[in-house]
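Here the structure comes first, spelled out in structure tokens, and everything after it is commentary.
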Amino acid sequence: MNDSEIKDLIPTWMQHSKNHYLIVMDIEGKYRFVNDLFQTRFSYLSENFIGLPVDTAVHQDDIKNADKQ
């Protein structure tokens, strides 16, 4: 599935939400889609998250804690 096919599956209101972050990652933990709010809020970390690993914007300890759940 390519990036535009992923985006086509996401409702427009979620893509442009002002209240909720939305990210889609692949099985390797790389970003495939981030919504406008996430991109704007974390733009100081990257201008484009697509293809970057999740730990670009998530602290390593938080990832470890999530893996324990």
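The values are calculated or read from the model by the stated rules, or taken from the named source; none is laboratory data. What you are looking at is a predicted structure, and each value in this text was computed from that prediction instead of being measured. Methodologically, a virtual Cβ is constructed for each residue, glycine included, from the backbone with ideal geometry; neighbour enumeration extends over all protein chains shown.
Give segment 1-51 a look and list any residue that's surrounded by 12 or more Cβ atoms within 10 Å (Cβ to Cβ) and among the aliphatic types (A, V, I, L, M), or say none. Hits for segment 1-51 are 6, 10, 14, 22, 23, 24, 25, 34, 37, 50.
Scanning segment 25-49 for residues that are closer than 13 Å to residue 3 by Cα, modelled with pLDDT under 95 and of a type in the set (A, V, I, L, M) turns up just one, 25.
Tell me, yes or no, whether segment 53-69 has at least one residue that is in contact with a His (Cβ under 8 Å, 6 or more places away or on another chain) and among the polar types (S, T, N, Q). No, because not a single residue in segment 53-69 is in contact with a His (Cβ under 8 Å, 6 or more places away or on another chain) and among the polar types (S, T, N, Q).
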